[in-house]
Amino acid sequence: MSQEPEVTVLDTNNHPAAGGGYSRDAYWIFHWLRDTWKRLFIATAIGFVVFAVIAFLIPVRYEAVARLMPPDQVNSSGALMSALMASGGGFLADLGSSALGMHTSGATIVGVLNSRTVQDDIINQFDLKQVYGSKRMEDARKALQRNSSIAEDRKSGIITIAVQDHSAQRATELAQAYVKDLNSRIASLTTSAAHRERVFLEERLAKVKEQLDEATLRLSQFSSKNKTLDPQIQGKAMLDAASALQGQLIAAETELSGLQQIYGPENFRVKAASSKAGELRAKLRAMSGSQASGSASDGQLYPSLEQLPLLGNAYYGLSRQAKVNEAIYEVLIKQYELAKVEEAKELPSIKVLDEPVVPERKSFPPRLLIAVGGALFTFICAAAWLFAREVWLKLDESDPLKVGVHEILGSLPGRSRPASRGAAAG
């Protein structure tokens, strides 16, 4: 049979040094501590060891922090808020912003960083579903939100992004990803006038560029098919060439006429002069278009003078369209570049005050604090248990509280009424 540990029950009522009630209680507590300090010490040491082991079993976490400066705002609402701050302090500023329905840009940035779109981008970029062991995207979002803290300082406006992870390197990369995604997201969501103008010019430029390429292609195809480069310059050159041929033909015919008067038709000099004059006539007819078949590509190197005016009309129409598109394109390019500059001026600039760096120390768990807190918790529980047990044993068997507890325990199934200490001693 197991013997119940001996418990010292102090009776201070008959102690000669016992005075009033307060002195008796203090004396009793002193003796109780003297008799139970070893048990309390052992329980506290066990609690310290147990909680220290638990603290070392908890996975470590590292925290990377990035701080952002508030974006610049130059508008009437910002000026009004500044005036409210200068005149009435933070309360009037909050009251004014609530009454006018205004929100600070810092609060907007915090809302963007906490948005589902940004979270999904980061989850997909780092494959956080596998890292967090989540099967669904919603669970991965909740885990990322638990590990991320994004807040704005109401006084300074500085935005703090703190990300915790089991890997120090990944925690730093996650904090950097928040900053990068914020810049791209603000650039895509901005609705300023310069942004709308830039988007319109961008779309217009794409259409004009397509029309310019199409007009240039049609002009080049027409020039290649009809052997036409510039009808005006080409016509002047052909007229000069025709005039030269006409002069050569007159000289050749004059020479042929003189030779025919001297020699007979069978003379080789007459035949040579006649052949030369015929060749010059053929060239002149081909150039003038008298024998042209209606196409500039039937064995000719250039269109005839007869075809040139008609070809020039079509050529200059295509050339005019290409030049108009080119002029429009150049104007739009200049306006587009100016719109990009204006958009960059109006775009809220996110300045990084503190870049996230790889943390050198863990942020969780505080092992020493857990061990000491566990030891203190164990000490309190053990002291409470031993004190309650001592008080319980000190109660008289006829005490209503003790009698009631015995009756309750005795009424439980399978439990018998505990024997009193006097009966056990007897």
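Every number here is computed from the coordinates shown, using simple stated rules; none is lab data. Just so it is clear, the structure is predicted and the values come from calculations on it, not from any experiment. Cβ sites come from the backbone with ideal geometry, for glycine too, and all protein chains shown count toward neighbours.
Here the residues Val199, Val112, ranked from fewest to most Cβ neighbours within 10 Å of their Cβ, fall in the order Val199, Val112.
Around the amide H of Ser363, modelled in the peptide plane, lie the amide H atoms of Arg61, Tyr62, Glu63, all under 5 Å away and 5 or more residues distant in sequence or on another chain. Rounded to the nearest whole Hz, the Karplus-based 3J(HN,Hα) values (6.51 cos²θ - 1.76 cosθ + 1.60, θ = phi - 60°) of segment 332-340 follow the sequence 5, 4, 5, 5, 5, 5, 5, 5, 5, with x at glycine and proline.
Spin-label point model (7 Å from Cα, Cβ direction): what's the Val403 to Ser184 distance in nm? So the label points at Val403 and Ser184 sit 8.1 nm apart. The gain in end-to-end length when the Lys155 to Ser257 segment is fully stretched comes to 25.6 nm, 0.36 nm per residue minus the alpha carbon separation. Given +1 at the Cβ of Lys and Arg, -1 at the Cβ of Asp and Glu and no other charges, the dipole of segment 108-214 around its Cα centre is 440 debye to the nearest 20.
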